[in-house]
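**Q** Encoded as structure tokens, here's the structure I'll be asking about.
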Amino acid sequence: MASKYETIKQDIIKKIESGEFSAGEKIYSEGDLKKIYSVSNTTVVKALNDLVNEGYLIRRQGEGTFVRKNLKHRKVFFSEQLSLSNDTKKKSVEKTITLNFGQVKDKFIAQQLGDKTGQRSLVKISQIALTNGRPWKIQNRYLFRDKLAKDSLERWVNGASLSEELGLVGHMSNLPMSMEVRTILLREGMEELEPLKLIEKRFGEEESYSLFDIRRLISGKDGVPIEYSRSFIHPDFYQIEIVGE
């Protein structure tokens with residue numbers, strides 16, 4: 001039997017997902033919930049705070065608790081646009097530099113790729129995208145070493161298609177993917193900027209950069225994870241468009 005705390009949470013979630021509580025609408029007060037469920041104020045506050053942290057609700061001091069106006073649990077159409085040059089009159093020269101960091105250990109990434117123990121060895125490839133000599137993206141790509149044939153890694157580093165090296169039908173961009181977009185502040189000298197340091201480049205003249213931090217997990221059509229990547233992208237060269245149904 002569910003606890004009163006869980007019952008409150010699930011009841012509110014059901015009302016949000018059914019549309020009984022719409023985006024931006026004020027829901028029950030703490031006093032209302034105490035009377036409806038015959039519980040203490042502590043139980044009510046714990047349930048509401050959990051729903052705030054999970055993205056369902058927002059609390060405004062002196063006003064009450066409201067359904068958050070966001071896209072959580074809604075089907076959306078998502079598109080990315082890479083703005084490769086801010087000067088449309090100038091011809092863009094694109095270049096990608098690939099760095100092979102060899103085999104690495106990363107428990108979190110290995111688990112994302114399906115290894116419950118997180119102990120399997122990974123291959124890490126860093127690809128730096130430049131426009132007219134200016135770096136705008138670092139993409140760190142990870143997959144299990146045993147996914148690749150003996151000579152595939154070298155061919156990949158030298159510009160071969162990873163899709164072909166993995167024997168996939170079609171491009172990896174057409175495969176199922178989960179994606180998380182954040183922002184991050186990185187300072188010169190931090191580990192995340194090491195690939196730029198190795199090629200003696202910087203994102204700019206500043207000592208710190210506010211960048212998009214994009215994490216992707218690509219899976220096969222059978223649902224088995226293939227590749228995990230984490231990219232740092234300068235905001236001058238990237239934008240996303242999200243349209244909800």
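**Q** For segment 189-245, rounded, prolate or oblate, judged on the Cα gyration tensor with a ≥ b ≥ c (square roots of eigenvalues), a/c < 1.5 rounded, else prolate if a/b > b/c?
**A** Here segment 189-245 falls in the oblate category.
**Q** Relative contact order of segment 42-192, please, whole-number percent, based on alpha carbon pairs below 8 angstrom and at least 6 residues apart.
**A** Value for segment 42-192: 13 percent.
**Q** Using the alpha-carbon atoms, what tilt in degrees (0 to 90, nearest 10) does helix 4-18 show relative to the longest principal axis of the chain?
**A** Value to nearest ten degrees: 70.
**Q** Still on this structure: If you count only protein heavy atoms with a 1.4 Å probe, what accessible area per residue comes out for the chain, rounded to a whole Å²?
**A** Using a 1.4 Å probe on heavy atoms only, each residue of the chain averages 61 Å².
**Q** Let me ask another. From zero up to wherever the largest Cα-Cα distance of segment 93-180 sits, split into 5 Å bins and tell me the percent of pairs in each.
**A** 3, 12, 19, 22, 23, 13, 5, 1, 0
**Q** Could you give the angle, 0 to 90 degrees to the nearest 10, between helix 41-53's Cα long axis and the longest principal axis of the Cα atoms of the chain?
**A** Roughly 30 degrees between the two axes.
**Q** Ordered by packing density, taken as the mean number of other Cβ atoms within 10 Å over each peptide's residues, highest first, how do 214-226, 166-178 rank?
**A** Top of the packing list down: 214-226, 166-178.
**Q** What's the carbon and sulfur percent of the chain's accessible surface, probe 1.4 angstrom, rounded to a whole number?
**A** 48 percent
**Q** With respect to the cross-link table entries K46/K221; K69/K201; K26/K137; K46/K69; K14/K137, which display a Cα-Cα separation exceeding 31 Å?
**A** K46/K221; K69/K201; K26/K137; K14/K137
**Q** Additional query: Place a +1 charge on the Cβ of each Lys and Arg in the chain and a -1 charge on the Cβ of each Asp and Glu, then give the dipole magnitude about the Cα centre in debye, rounded to the nearest 20.
**A** With only Lys, Arg, Asp and Glu charged at Cβ, the dipole is about 300 debye.
**Q** Over the chain, with a single point scatterer placed on each C-alpha, what log10 of the ratio I(q)/I(0) does the Debye formula yield at q = 0.10, 0.11, 0.15, 0.18 1/Å?
**A** -0.69, -0.79, -1.10, -1.31
The values are calculated or read from the model by the stated rules, or taken from the named source; none is laboratory data. Everything numeric here is computed off the predicted structure, so don't read it as measured data. In this analysis, Cβ positions are derived from the backbone assuming ideal geometry, glycine residues included, and neighbour counts consider all displayed protein chains. Ligands, DNA and RNA are stripped out before the accessible areas are found, and what is left, the full protein with its side chains, is counted by its heavy atoms. Shrake-Rupley method; radii C 1.70, N 1.55, O 1.52, S 1.80 Å.
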